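Asks: Below is one structure. I have some questions about it.
The values are calculated or read from the model by the stated rules, or taken from the named source; none is laboratory data. Quick caveat, the model's predicted, so the values are computed rather than measured. Neighbour counts are summed over all protein chains in view; Cβ atoms, including those assigned to glycine, are modelled from backbone coordinates with ideal geometry. Only protein heavy atoms, including side chains, enter the accessible area calculation; ligands, DNA and RNA are left aside. Shrake-Rupley method; radii C 1.70, N 1.55, O 1.52, S 1.80 Å.
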Amino acid sequence: MAVKKTYEEINEKIRRGEAVVVTAEEIIDIVNEEGVEKAAQKVDVITTGTFGPMCSTGAFINFGHSDPPIKMTKVWLNDVPAYAGLAAVDAYIGATELSETQGMAYGGAHVIEDLIAGKNVKLESEAYGSDCYPRKEIVTYINKNTLNEAYLFNPRNAYQNYAVAVNSSARMLYTYMGTLLPKLGNAMYCSASQLSPLINDPFYRTIGIGTRIFLAGAQGYVAWQGTQFNPQQARGENGVPTSPAGTLALIGNLKDMNTEFIRAATFHNYGTTMFVGVGIPIPVLDADVVEKASVGDKDIYTTIVDYSVPQRSKPNFGKISYAELRSGKIEINGKQVRTAPISSYSKARKIAAALKEWVRQGKFFLQQPVENFSLDQTFKPLEIVTEEEI
Amino acid sequence: MAKKKFVLHFPEESVEKPVTYHLVKDYNLIPNILRAQIDENEGTLVMDLQGSAEQIDKGIAFLKDQGVGIQEAIQDLAINRDRCVDCGSCTGVCKPGALAIGPDDWKLDFDLDKCIFCELCINTCPTRAIKVQF
């Protein structure tokens, strides 16, 4: 009889400490040995993980009110500007905002990491002053314990697959995919591939709005589809997109996070960004879930893109599997090219394992999405037009 | 037999001296050039010198006589394991393969013997975990 399980049944097993939980790596071998149906009977939850640079990351912060109060118009945290065009003492600090004194060496990502680490951060603000909020400037220090709310709200994380970056030009390129050596000197890739959340749930059956997740060491949630969500991207026969496709907007409490699973970064001559650790559990509702989640690196393909062409649409050198990328060398146009990851596979493993332990110990329950993502939407470019042309 | 790695700095006036020839001929050393670079100011050569410890010392003394600056200062690359997240970005620019990552544990390995001190990894490291150690 075909396996069918509900979220309630799986959560009841978790509550009783009887749930069988494996990682998205472990399920590959189980399915190879026992087949999809048997694996679906045996396993209740499959955990995924990823740890890569995700620029679209930032934190909402409420500072509390000073005396006399201020309606902050401009805000700096350790000299990094934060957006304060909200109510009086709310602000949003984005990972890629650069320090006005240190430039690329320190940015919003570093502020967020320092806050999570419990460090003190200098807060400076200016305001125009009003009857409700007479104060016009403030300089003080904050840390995560002095703040009211501090939560990450990341508009685009956990990309479902990503391109491989190469450089066919004669000069070195400094990109968000790392340093690209000239004349196809290297090929940089960025995905947890067989461990990556959305690669294991390619049509977003179980990952949707409201899904409870592991976010940087804390329990967080999928808040919305991520920006640039592109479900209509080309897919392989197994349903896995062969270029960047789905994305997730994530939310979670900064105060509960752990710097082991989130880290500020600088890409040389590009800017600051943030390594974000994300883990998502996949409930085994039926055999189809297991079949999709048992995809391995040899069956996950991505596209090799030439980053030396500074245009929206870049030429590509065809498709390649993650098994080949992870071998350390690939062939492009007859040339042997060194490959290197920029997302940490060892951290991805650690996250999938940590989430597995949470579920096994009954500390983490599965949340059915309150709404699933639409597969119909398209990803639109920005055209430069006049008001008459639009 | 000993093997030591040196960074040689050639000021403009020394660039044309055939020092490598003398290291082989007069001191019986086996130089292995790992990296060579010449710009408008000076030439830089990173090389392994293999031979008896005594002959290496004599060879180095000879180089100093020739006005060649000897930098034995770079001892190692220091990888701050607390900052490193094992992403692997640095391995993409490490041509000699001194920095490597891969199966089975996907943790960064560093092999000093293979390092040619090109220092490309220093700025490539997104978490600034790699430093030259003097």
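Asks: Could you say which residue among A:203, A:261, A:214 is modelled with pLDDT of 95 or more, more than 14 Å from chain B (Cβ to nearest Cβ) and touching a strand residue (DSSP E or B) at 6+ places or on another chain (Cβ under 7 Å)?
Replies: So the residue among A:203, A:261, A:214 that is modelled with pLDDT of 95 or more, more than 14 Å from chain B (Cβ to nearest Cβ) and touching a strand residue (DSSP E or B) at 6+ places or on another chain (Cβ under 7 Å) is A:214.
Asks: Among residues belonging to the range A:72-88 that are in contact (Cβ under 8 Å) with a residue 40 or more places away in the chain and not in a strand (DSSP E or B), point out the one that is surrounded by the most Cβ atoms within 10 Å (Cβ to Cβ).
Replies: So the residue we want is A:72.
Asks: Say we look at the range A:6-30 and pick out the residues that are within 26 Å of residue A:190 (Cβ to Cβ) and of a type in the set (A, V, I, L, M, F, W, C); which of these is surrounded by the most Cβ atoms within 10 Å (Cβ to Cβ)?
Replies: The selected residue is A:24.
Asks: While we're here: How many residues, within the range A:40-69, are within 20 Å of residue A:198 (Cα to Cα), away from every other protein chain (no Cβ under 14 Å) and not polar (S, T, N, Q)?
Replies: 5
Asks: Scan the range A:2-16 and tell me whether some residue there is β-branched (Val, Ile, Thr), in the same structural domain as residue A:249 (by TED's automatic domain parsing) and under 25 Å from the mean Cα position of the chain (by Cα).
Replies: no
Asks: Report yes if some residue within the range A:219-238 is closer than 18 Å to residue A:299 by Cβ, open to solvent by 20 Å² or more (accessible area, probe 1.4 Å) and not in a loop (DSSP other than H, G, I, E, B); otherwise report no.
Replies: Within the range A:219-238, one or more residues are closer than 18 Å to residue A:299 by Cβ, open to solvent by 20 Å² or more (accessible area, probe 1.4 Å) and not in a loop (DSSP other than H, G, I, E, B).
Asks: Among strands (runs of 3 or more DSSP E) lying entirely in the range A:89-146, which contain 3 or more residues that are surrounded by 14 or more Cβ atoms within 10 Å (Cβ to Cβ) and in contact with a strand residue (DSSP E or B) (Cβ under 7 Å, 6 or more places away or on another chain)?
Replies: Correct list: A:90-94, A:103-107, A:121-126.
Asks: If a residue has to be assigned to a loop (DSSP other than H, G, I, E, B) and at the interface with chain A (Cβ under 7 Å from one of its Cβ atoms) to count, how many in the range B:106-128 make the cut?
Replies: Matching residues across the range B:106-128 total 5.
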